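One structure below.
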Amino acid sequence: MTVHQIITEHVQAAVDSLYQAALPSVELQSTRKEFEGDITVVIFPMLRVVKGNPVQIGEAIGAYLVDAVPAVSAYNVVKGFLNLVISDSYYLDFFAGIKEQAQYGYVAPTPDAKAMMVEYSSPNTNKPLHLGHIRNNLLGYAVAEIIKASGQKVYKTQIINDRGIHICKSMLAWQRFGNGETPESTGLKGDKLVGNYYVKFDQEYKKEIETLIAAGKTADEAKKEAPILLEAQEMLRKWEAGDQDIVSLWKQMNGWVYDGFEQTYTALGVDFDSYYYESNTYLLGKDNVQEGLDKGVFYKKEDGSVWCDLTEEGLDEKIVLRSDGTAVYMTQDIGTAIQRVKDNPDVGGMIYTVGNEQDYHFKVLFFILQKLGYDWSSYLHHLSYGMVDLPSGKMKSREGTVVDADDLIAEMANTAGEISKELGKLDGYTEAEKTAVFNTIGLGALKYYILKVDPKKRILFNPEESVDFQGNTGPFIQYTYARIQAILRKATIDLAPAVTNITLDAREKELIKQLEQYPATIQQAAKELSPAIIANYTYDLVKAYNSFFQNVSIFGADTDTEQLFRVQLSNVVGRTIKSAFRLLGIDVPERM
């Protein structure tokens, strides 16, 4: 139980004892720096159930707490605020209890706990991963790790969009213009090679449109009648009919893309427990349409199309099956969700990491699954996120103006190297050591810059700004961790003994307060599906540590006991930084 929980419980007991009233909640905040105290109880909200002068109420509750709670050593009242001084002994006892916990803050799942499935990435197989995919992957991976740390079993998954007109466009362009080239013959990653032909298709398509317009066609007619588009549509029909040659080419080119994706995932540091492919799932859901008709969830129109009426839920009517019996994306998503639970019976909910342009789609999907009566449908979440922009503007895949994920990862390492050299951070390192650290710093800068922002907000990503060694950045936090490791290497003492008999400096106490909040921070981040909560907690912890480091001498301490405690405190802060960054998928360097 944290000191905040202890205070809350005893304030409620005090109100019950002193005023015979039930206090449903207690408002606590950190004591302002100009007043003595650690935790402040706000009295004003209590006036709804306790009548009287807020100063007198504060005095009465303060006296009660000093007698009833050993952790409270003193109090003072300023207007309607009861400031409580928490004893050094409480913080020292708390610290002694966590300093040996390797997984402090993490909760082990119970054997019968339901699992959460987190879907992220879910790319198309006609192009490489880009900056938008990076935000998606980083968010999905971090949310999965945070939920896992909060005590829930997690499955990481993705659905790969490997069918449709988009991949046929790349296939057709490769047939026409590729001259049989392969990733091996060109030295290109497979996803980049295929992406180049997606761009090539668009270029040729535009040429044909211009030719048709010059021949007297309208723009709309030209777009529909361009021969290369008609040929791609015919290729898609052949694929759906199982044409052996088309399917063989499709498998070959998708295989190139999968290999390229895996290289990017490895470089980015994300992973998956399972993969679903649209080519296997696009027919799923049609059986569930009949189930919905039988239950009265869906209805059929005169033309044979099937719909779900969600007007009572504030939405509209949604088609789930066309009049010709073919499925729509909603049908497929319904079937895929149900299939995932069949494949993993312990799944109790799902999180879809998808951009905010799909907000409406997921509202409809979740309502339909609830109406169909699946108990896990109450635990479906859309991890909606904003777009990532660059100073140069938006990205366009067809025109080849996207920011390639691999190129950005390499650029971040290069930027980290340039800034590190300017600052003289890595003097004496071998070239191999420098390369490793540059990669760690660059990738950490990229991940932190994206994850520190609330997922719902749009991001303007500036690579150079993200690699700043000052301020709320990944490198600043990584540098603090490396500084702590240098302290630990210098300290040749046994860190095991518990320290219980020193007077804490205010900055030492502040650090322990921050450490105490780490488990609750993990739980909050898991509940809100927000890695930003972890990122900004880590920044606050690092700021508190740097204040301590700059104002409290570690190796110049007055006593050996004080020195021991300060090294121990540094060690636990370092472990917590590493732990928090691990949840974000960020590595920390031992030297920097």
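The values are calculated or read from the model by the stated rules, or taken from the named source; none is laboratory data. What you see is a predicted model; the values in this text were computed from it and never measured. Please note: Cβ atoms are built from the backbone with ideal geometry, for glycine as well, and neighbour counts cover all protein chains shown. Accessible surface areas use protein heavy atoms only, side chains included; no ligands, DNA or RNA. Shrake-Rupley method; radii C 1.70, N 1.55, O 1.52, S 1.80 Å.
Per-structure values
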| quantity | calculated |
| --- | --- |
| Unique residue being of a type in the set (Lys, Arg), surrounded by fewer than 18 Cβ atoms within 10 Å (Cβ to Cβ) and touching a Ser or Thr at 6+ places or on another chain (Cβ under 9 Å) when the list is ARG340, ARG322 | ARG322 |
| Residue that is farthest from ILE57 (Cα to Cα) [pool: residues in segment 1-14 that are out of contact with any helix residue (DSSP H, G or I) (no Cβ under 7 Å at 6 or more places or on another chain) and among the β-branched types (Val, Ile, Thr)] | ILE6 |
| Test: residue in segment 164-181 that is part of a helix (DSSP H, G or I) and within 28 Å of the chain's Cα centre (by Cα) | no |
| So VAL42, is it out of contact with any Leu (no Cβ under 9 Å at 6 or more places or on another chain), more than 30 Å from VAL341 (Cβ to Cβ) and β-branched (Val, Ile, Thr) | no |
| Residue within segment 106-116 that is in a strand (DSSP E or B) and charged (D, E, K, R) present | no |
| Which numbered condition ARG340 misses (of (1) touching a Gly at 6+ places or on another chain (Cβ under 9 Å); (2) part of a helix (DSSP H, G or I)) | (1) |
| THR500 vs. criteria open to solvent by 40 Å² or more (accessible area, probe 1.4 Å) and of a type in the set (Ser, Thr, Tyr) | yes |
| Top-ranked residue in segment 467-497 [being modelled with pLDDT under 90 and buried (at least 16 other Cβ atoms within 10 Å of the Cβ); ranked as nearest to ARG566 (Cα to Cα)] | PHE469 |
| Test: residue in segment 58-70 that is in contact (Cβ under 8 Å) with a residue 60 or more places away in the chain and in contact with a strand residue (DSSP E or B) (Cβ under 8 Å, 6 or more places away or on another chain) | no |
| Residue under evaluation TYR75, criteria (1) of a type outside the set (Val, Ile, Thr); (2) touching a residue at least 40 places away in the same chain (Cβ under 8 Å); (3) part of a strand (DSSP E or B), criterion not met | (2) |
| Filter result for the condition that a residue is open to solvent by less than 70 Å² (accessible area, probe 1.4 Å) and without any contact (Cβ under 8 Å) to a residue 40 or more places away in the chain, over THR31, THR2, THR40, THR8 | THR8 |
| In segment 505-531, the residues that are hydrophobic (A, V, I, L, M, F, W, C), more than 16 Å from GLY151 (Cα to Cα) and surrounded by fewer than 21 Cβ atoms within 10 Å (Cβ to Cβ) | ALA506 |
| Of residues in segment 106-161 being at pLDDT 95 or above and of a type in the set (Asp, Glu), the one surrounded by the most Cβ atoms within 10 Å (Cβ to Cβ) | GLU119 |
| Within segment 422-531, helices (runs of 4 or more DSSP H) holding 2 or more residues that are aromatic (Phe, Trp, Tyr) | 431-451, 474-490 |
| Number of positions in segment 533-546 that are open to solvent by 10 Å² or more (accessible area, probe 1.4 Å) and of a type in the set (A, V, I, L, M, F, W, C) | 2 |
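Conditions tested, residue by residue: (1) surrounded by 16 or more Cβ atoms within 10 Å (Cβ to Cβ); (2) at pLDDT 90 or above; (3) of a type in the set (Ser, Thr, Tyr); (4) farther than 22 Å from ILE146 by Cα.
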site	(1), (2), (3), (4)
LYS371	yes, yes, no, yes
GLY400	yes, no, no, yes
ASN414	no, yes, no, yes
LYS425	yes, no, no, yes
